[in-house]
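Here is the structure we will look at.
The values are calculated or read from the model by the stated rules, or taken from the named source; none is laboratory data. These numbers come from a predicted model, not from an experiment. Ligands, DNA and RNA are stripped out before the accessible areas are found, and what is left, the full protein with its side chains, is counted by its heavy atoms. Shrake-Rupley method; radii C 1.70, N 1.55, O 1.52, S 1.80 Å.
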Amino acid sequence: MAKNNSGSKTPSPGFVLPGLRAGVEMALVGIIVALVGLPAQEPLVLGVVLLTALLGMTVVLFWAMNRHMRKWIRYAQGKPTRTSLFD
């Protein structure tokens, strides 16, 4: 197990809570974009709205994966994995 400089064990980052958080964030982005743009009647505008929602959800997914990978890297280095609320 990785150790930090003080000799105490650092907790390993989990997968369930970050996965749930990423799923909720992705759903919120998709719902917000859909609620703003779905009243559109034009098929082209509707396609742009759905594409924007998909791209927004993809950005949130990769942002969450990057955040989780950083925590695992810090865990492997023996550093604290809790840096801040939004990290």
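Points worth noting:
- When the range 14-33 is filtered for residues that are open to solvent by 100 Å² or more (accessible area, probe 1.4 Å) and assigned to a loop (DSSP other than H, G, I, E, B), only 15 remains.
- The range 34-51: number of residues that are part of a helix (DSSP H, G or I) and either open to solvent by less than 40 Å² (accessible area, probe 1.4 Å) or not hydrophobic (A, V, I, L, M, F, W, C) (or both): 5
- Per-region count, the range 60-81, residues among the β-branched types (Val, Ile, Thr) and either open to solvent by less than 60 Å² (accessible area, probe 1.4 Å) or assigned to a loop (DSSP other than H, G, I, E, B) (or both): 2
- Considering the range 1-36, and only residues there that are at pLDDT below 85 and not hydroxyl-bearing (Ser, Thr, Tyr), the residue that is farthest from residue 48 (Cα to Cα) turns out to be 7.
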